[in-house]
Amino acid sequence: MIGRAERLPVVILLSGRGTNLQAIIDEVRAGNLPIDIRAVISSNPEAAGLARARAAGLRTEIVDHRTYPTRAAFEQALIAAIDAHAPKLVTLAGFMRILGRDFIEHYRGRLINIHPSLLPQFPGLDTHARALAAGAKQHGASVHFVTPEVDAGPIIIQAALPVFPGDTPETLAERVLKEEHRILPLALRWFAEGRLTIRDGRVLLDGKPCPEQHLVGSASRD
Ligand code: NHR
Ligand code: GAR
């Protein structure tokens, strides 16, 4: 059992359901992820992820963007709420607000996002519908360090899966989500173990290029 003092302090930001948060909680409980989730902060007071956090005994906070006059004011409040917990890592787990340069610079090298596409394809929103509309043969998810340009930061790990005929945005989202629940805790584990570095805009694991793309499902047998 790893003592609390040896675990990396982390703050998780979300806006929605929180199934990625749940995957992180489950891995921490299983003893596979040496982090201490200091707080879960939501931009949305109605986020179901808040209830999951409370059910797991985690501290929750709300920083509702709608109650601030500007993006800058919202982001300053968010920084204050996060820094009160002195995290060494901040994770966006279904966080729905674009963050400005000042915020990103403040957390440079310690801010990680899970995004539901095989970046650099389909940055931004509605990724599953866009992948289908584009006729993509493969789709997936990416975990990356966050930089000011949205969804363009150095990639830590990706999971790819095949798109099936008859897939809808919903069926595709469900399969991608399962992969998200695998790769986000894994990326956090690598970070917590001090195994990730960024060199020339690329992520290294143990000093070597990361296994960026992991093919799963039938795509891996093609
Ligand atoms: N901020 C920066 N600077 N860089 C990134 O890479 C970021 C980021 C903030 C969030 C998550 C991202 C995703 O994985 C993320 C990455 C929200 C939007 C968006 O357009 C886009 C990308 C992501 C998250 N949000 C709208 C906005 O105006 C609001 C949408 C809504 O509230 O429903 O901020 O996809
Ligand atoms: C996940 O698919 C995540 O990749 C995506 O939202 C979902 C959140 O699910 N993130 C974004 O689209 C960021 N703009 P969850 O709340 O159940 O973890």
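The values are calculated or read from the model by the stated rules, or taken from the named source; none is laboratory data. From a predicted model like this one, the values you see are computed outputs, not experimental measurements. Cβ atoms come from the backbone with ideal geometry, glycine included; neighbour counts cover every protein chain shown. To get the accessible areas, we keep the full protein, side chains included, count just its heavy atoms, and leave off ligands, DNA and RNA. Shrake-Rupley method; radii C 1.70, N 1.55, O 1.52, S 1.80 Å.
Antiparallel as a % of all DSSP beta bridges within the stretch 101-222, to the nearest 5? Walk me through the intermediate numbers first.
Details: 17 of 20 bridges.
If I count the DSSP bridges inside the stretch 101-222, around 85 percent turn out antiparallel.
Tabulate in residue order the Karplus-calculated ³J(HN,Hα) for the stretch 51-58, using 6.51 cos²θ - 1.76 cosθ + 1.60 with θ = phi - 60°, rounded to whole Hz; enter x for Gly and Pro.
5, 4, 4, 5, 4, 8, x, 8
For residue 172, what charge total do you get from the other residues with a beta carbon under 14 Å from its beta carbon, if Lys and Arg give +1 and Asp and Glu give -1? List each step's numbers first, then the result.
Values: positive: 130, 137, 175, 178; negative: 126, 167, 170, 174, 179, 180.
Summing Lys and Arg as +1 and Asp and Glu as -1 gives -2.
Let me check I've understood the local charge: for residue 102, count other residues with C-beta under 12 angstrom from its C-beta, Lys and Arg +1, Asp and Glu -1. What total comes out? Show your work: numbers first, answer last.
Numbers: positive: 71, 101, 108; negative: 75, 105.
With Lys, Arg at +1 and Asp, Glu at -1, the net is +1.
Considering only DSSP beta bridges where both residues belong to the stretch 57-157, give the percentage that are antiparallel (nearest 5). Intermediate results must be reported in sequence, preceding the final value.
Numbers: 6 of 9 bridges.
Roughly 65 percent of the beta bridges in the stretch 57-157 run antiparallel, per DSSP.
So the label point goes 7 Å from the Cα of residue 6 along Cα→C-beta, right? Which residues of the stretch 18-41 then have their backbone N under 14 Å from it?
31-36
Using a Gaussian network model of the chain whose springs link C-alpha atoms within less than 10 Å, name the residue from 164, 95, 74 with the highest mean-square fluctuation.
164
Once you order the gyration tensor axes a ≥ b ≥ c over the Cα atoms, which shape class does the stretch 67-138 get: rounded for a/c under 1.5, otherwise prolate or oblate by comparing a/b with b/c?
prolate
How much net charge surrounds residue 141 when only the other residues with a Cβ under 13 Å from the Cβ of residue 141 are counted, with Lys and Arg +1 and Asp and Glu -1? Working shown, then result.
Values: positive: 175, 178, 182; negative: 151, 174, 179, 180, 212.
With Lys, Arg at +1 and Asp, Glu at -1, the net is -2.
If I stretch the segment between residue 178 and residue 30 completely, what's the gain in nm (0.36 nm per residue apart, minus their alpha carbon distance), one decimal? Numbers along the way, then the final one.
Numbers: separation 148, 0.36 × 148 = 53.28 nm, distance 1.77 nm.
Value of the extension gain: 51.5 nm.
Roughly what % antiparallel, to the nearest 5, for the DSSP beta bridges in the chain? Don't skip to the end; give the middle numbers.
Details: 17 of 37 bridges.
Here the antiparallel bridges make up roughly 45 percent for the chain.
Over the stretch 79-222, with the other protein chains present, what is the accessible area per residue in square angstrom, probe 1.4 angstrom?
On the way: 6970 Å² over 144 residues.
For the stretch 79-222, the per-residue accessible area is 48 Å².
Pull up all non-local amide H partners of residue 18: gap of 5 or more, or a different chain, and H-to-H distance under 5 Å with H placed in the peptide plane.
Those qualifying (amide H under 5 Å, at least 5 residues apart or on another chain) are 49.
By the gyration tensor of its Cα atoms, with a ≥ b ≥ c the square roots of the eigenvalues, what is the shape of the stretch 93-222: rounded for a/c under 1.5, prolate for a/b over b/c, or oblate?
On the way: a/c = 2.17, a/b = 1.42, b/c = 1.53.
Oblate.
Students often forget the sequence filter, so: which aspartates and glutamates lie under 15 Å Cα-Cα from residue 88 once same-chain residues fewer than 8 apart are removed?
The reachable aspartates and glutamates, counting only those whose Cα sits under 15 Å from residue 88, are 6, 36, 105, 193.
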